[in-house]
2 protein chains.
Amino acid sequence: MGEEQPGDHDPIADLIVTYNELNSSHIEELHEEPSALEFMRFVARNTPFVVRGGAANWKATQTWTAEYLSNFLGDETVNVAVTPYGNADAPTIHPQTGSLVFAKPHEEDQSFNDFLTYVIHQEKTRGLRNSEVRYAQTQNDNLRQEYLSLYSHVPPTIHWARIALSSPHEEAKPEAVNLWIGNSLSTTALHKDNYENVYVQIRGRKHFVLLPPHCLPCVNESELKSGGYVRRQHQKTRGEEETGREEKGQLELVMEKEEDEETGKEQEVTVPFAIWDPDKPEENATRYSKLAEPMRVTLEEGDMLYLPAMWYHKVSQSCLQEGICVAVNYWYDMDFTGPLYPFTSFVRAVNQQQQEKSKE
Amino acid sequence: MGEEQPGDHDPIADLIVTYNELNSSHIEELHEEPSALEFMRFVARNTPFVVRGGAANWKATQTWTAEYLSNFLGDETVNVAVTPYGNADAPTIHPQTGSLVFAKPHEEDQSFNDFLTYVIHQEKTRGLRNSEVRYAQTQNDNLRQEYLSLYSHVPPTIHWARIALSSPHEEAKPEAVNLWIGNSLSTTALHKDNYENVYVQIRGRKHFVLLPPHCLPCVNESELKSGGYVRRQHQKTRGEEETGREEKGQLELVMEKEEDEETGKEQEVTVPFAIWDPDKPEENATRYSKLAEPMRVTLEEGDMLYLPAMWYHKVSQSCLQEGICVAVNYWYDMDFTGPLYPFTSFVRAVNQQQQEKSKE
């Protein structure tokens, strides 16, 4: 596929090129928060923007140093995603089979202080770059659950999003408010969500690579076998037995199985996932990948990003002196009425049909 | 084509069906004008709405009776579109060749009073239903040109549209403000415009049949040979010579020719135009026409319609006792950024490709 060229009258290629001609791949920068109407204009265009310093005076932005968080949360138990390479929910070469699979993190509970100490220590110590990577990234509304004590340090909703996305019948409320804490070793692989997303950087920097929904044919969505990291039982060494301290077992990627509903046989679970990485454009490319013009933006501390529904985003991060990256995001339900959702499904269907034909 | 059925996995059929499942084909009715934000939510969904009585207290709505207009405009010269069947800019069977062509009206200048008298007399006199049809419908910003003296009777802009469609860099101003005067014999054939449109009924009723932009594969856009009505020279009768009065000559549909740029040969001019009529769904149908779920709305005097950019609309009218239909519409530039325009072009391209394949 990578070698094949789109034809002269290739509707998918024309779609991507037409969009590129009419839209900038440079993100619009605001320097104060938009009004609800100004925001709605971006929603109407399904186009991202960044508000530089939009969250600069949030209590979170002003107070959440590593030390503050450590004092504040102490030994509270938190859920942590653990992976060997910072590859939670990411396409990953399976170490045994060599094939590309979808890897879910091992999740384990840990005291917040132990977690934070590990993250910072790893970030600051070059030698620990090859040890396992920990990322608090549950994405299950955790700032109103596990981290509830921190919730009052951020606004409960983004006012311009609330006003704009509400209808006369129903007030728009965040479906989830998520806290993200990790270091520069964690990367979130290119994917999309069916939510309007407001993403706020609190500590460190976040680097977004963004692609609009119609770039689906560029991202090489593929059915990947799905697996999850599991921690192997660790054989205690004599030293550990003597001291009572115990090393953690290695992470092993175990593929998921499920019963076939019809045959009752066990089969491997697969998930559709983008395998093209805009930062490695030659690898896993489709014939359309080179037409994509990714939008890139780095969020600094206190910046806000509007990430429109269904946009692909790859997110990596870098830390400042403190050695941690902290972010908060708000998910609002997207509007499935109007043309965006059906049109995006249409692009998927045409792309799929074309792939099937080129196999014939 | 009409007989062929869409396949099980026909992306175009799926697009139309998915949209229908997620969107109502009943128009939303407001009972007061929306705010700019409320309007922008409709723009974002590219979805029409009607404001019942939204223009009820405009001076135009309150004063423009036939008598008032006649007194006000008197014998001012106006441009009138003349057609044999009320078929200005419409697919029409050519009387000689029997083939479907695109017919442009004959345009002629006339005193406003003569025009208005003709329109009303025809509407009220059953026997005149077969005589030629006159429609003031220049669509060239005529309310700020020819009919400038009436312009102050309507607002210069629709305030919620102005506020919503403006950008921080540029205020949105109407590209055109058009006046339409005719009777129930004129129909505007199904077509679309690349404008955001606010349509206001002043006298009589307007019946809209609406289809969203992705219904392009339903409307059977075809290359039609283009012609225009021309008034034949009339042979004076002895009676006319004696009285000095002269009948008008018959309208003849004359096909347009142009020189081929390369060969220099004369060739016929063609225009792409929808030939499916949602009110005659069996005729000129494509395999997708039956999937369309047209939205229908009748505007009463003082009602306003938001007709989103790129929506197909067929417009017919009926008169109340006065025997005239009068309407005003505001065109605002549409936003070509964002997904709507490229997606719509994509639907056209996929549909075209499919038509070519089914011919192979």
Task: Among the residues listed as B:35, B:25, B:70, the single one being hydroxyl-bearing (Ser, Thr, Tyr), more than 23 Å from the chain's Cα centre (by Cα) and within 14 Å of chain A (Cβ to nearest Cβ) - done: B:35
TODO: Could you check how many residues of the range A:11-37 are open to solvent by 10 Å² or more (accessible area, probe 1.4 Å) and not in a helix (DSSP H, G or I)?
DONE: 12
- [ ] Say whether the condition of being basic (Lys, Arg) and touching a residue at least 60 places away in the same chain (Cβ under 8 Å) is met by at least one residue in the range A:272-283.
- [x] no
Open item on the list: Restricting to the range A:38-49, name every residue that is at the interface with chain B (Cβ under 8 Å from one of its Cβ atoms), buried (at least 20 other Cβ atoms within 10 Å of the Cβ) and in contact (Cβ under 8 Å) with a residue 40 or more places away in the chain.
Closed with: A:40, A:43, A:46, A:47
Task: Unmet requirement for residue A:135, which otherwise passes all of (1) buried (at least 20 other Cβ atoms within 10 Å of the Cβ); (2) over 18 Å from residue A:325 (Cβ atoms) - done: (2)
TODO: Go through the residues of the range B:328-343 one by one and say whether even a single one is open to solvent by less than 70 Å² (accessible area, probe 1.4 Å), touching a Phe, Trp or Tyr at 6+ places or on another chain (Cβ under 6 Å), over 30 Å from residue A:48 (Cα atoms) and of a type in the set (A, V, I, L, M).
DONE: no
Task: Residue tally, condition away from chain A (no Cβ under 14 Å) and touching a residue at least 40 places away in the same chain (Cβ under 8 Å), over the range B:148-172 - done: 8
Open item on the list: Tally up the residues in the range B:107-151 that are among the hydroxyl-bearing types (Ser, Thr, Tyr) and in contact with a strand residue (DSSP E or B) (Cβ under 9 Å, 6 or more places away or on another chain), please.
Closed with: 6
TODO: Give the residues of the range A:247-268 that are assigned to a loop (DSSP other than H, G, I, E, B) and within 24 Å of residue A:85 (Cα to Cα), sorted by residue number.
DONE: A:247, A:248, A:249, A:250, A:256
- [ ] State all residues of the range A:21-69 that are aromatic (Phe, Trp, Tyr) and in contact with a strand residue (DSSP E or B) (Cβ under 8 Å, 6 or more places away or on another chain); if no residue qualifies, say none.
- [x] A:39, A:42, A:49, A:58, A:64
TODO: Could you tell me whether the range A:222-242 includes any residue that is part of a loop (DSSP other than H, G, I, E, B), open to solvent by less than 10 Å² (accessible area, probe 1.4 Å) and touching a residue at least 24 places away in the same chain (Cβ under 8 Å)?
DONE: no
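The values are calculated or read from the model by the stated rules, or taken from the named source; none is laboratory data. Being a predicted model, the structure only gives us computed values, none of them experimental. Ideal geometry is used to build each Cβ from the backbone, glycine not excepted, and the neighbour counts take in all protein chains shown. Just so you know, the surface numbers come from the protein's heavy atoms only, side chains and all, with ligands and any DNA or RNA stripped out. Shrake-Rupley method; radii C 1.70, N 1.55, O 1.52, S 1.80 Å.
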